[in-house]
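Notes for the one structure printed next.
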Amino acid sequence: MEGKDIYNALVVKRDYSGSTADEYAQFLMSLFLHLGKDLFPLLESAHKESKTLTLKSEILNSDVLVDEYTIEDIILV
């Protein structure tokens, strides 16, 4: 499956319910705004390994507001 197809399959789960799938869809939409098509290879890797994308813990746990994410900020879990 190609990254664009994976992205589309995941973001359609955005239903504003607050569910895990909804929050992940929202996160992916935000990442796409920052990374554009560079997000797709990361999604392909995550899909192949049955993992999801997240931000590095030092970013998630930081008190500093980050206004731009890069590929280096993302890990597979």
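Of note:
- Residues of the stretch 46-59 that turn out to be farther than 15 Å from residue 9 by Cβ and either in contact (Cβ under 8 Å) with a residue 60 or more places away in the chain or open to solvent by 50 Å² or more (accessible area, probe 1.4 Å) (or both), as a count: 5
- Residues being out of contact with any helix residue (DSSP H, G or I) (no Cβ under 7 Å at 6 or more places or on another chain), at positive phi and open to solvent by 40 Å² or more (accessible area, probe 1.4 Å) - total across the stretch 1-37: 1
- Test result for residue 70, at pLDDT 95 or above and either out of contact with any Cys (no Cβ under 6 Å at 6 or more places or on another chain) or open to solvent by less than 50 Å² (accessible area, probe 1.4 Å) (or both): no
Each row is one residue, and each column tells you yes or no for (1) part of a helix (DSSP H, G or I); (2) more than 20 Å from residue 3 (Cβ to Cβ).
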{"residue": "24", "(1), (2)": "yes, no"}
{"residue": "30", "(1), (2)": "yes, no"}
{"residue": "33", "(1), (2)": "yes, no"}
{"residue": "39", "(1), (2)": "yes, no"}
{"residue": "50", "(1), (2)": "no, no"}
{"residue": "59", "(1), (2)": "yes, yes"}
{"residue": "67", "(1), (2)": "no, yes"}
{"residue": "75", "(1), (2)": "no, no"}
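The values are calculated or read from the model by the stated rules, or taken from the named source; none is laboratory data. As the structure is a prediction and not an experimental result, all values here were calculated from the model. Don't worry about glycine lacking a Cβ; one is built from the backbone with ideal geometry, like all the others, and counts go over all protein chains shown. Ligands, DNA and RNA are stripped out before the accessible areas are found, and what is left, the full protein with its side chains, is counted by its heavy atoms. Shrake-Rupley method; radii C 1.70, N 1.55, O 1.52, S 1.80 Å.
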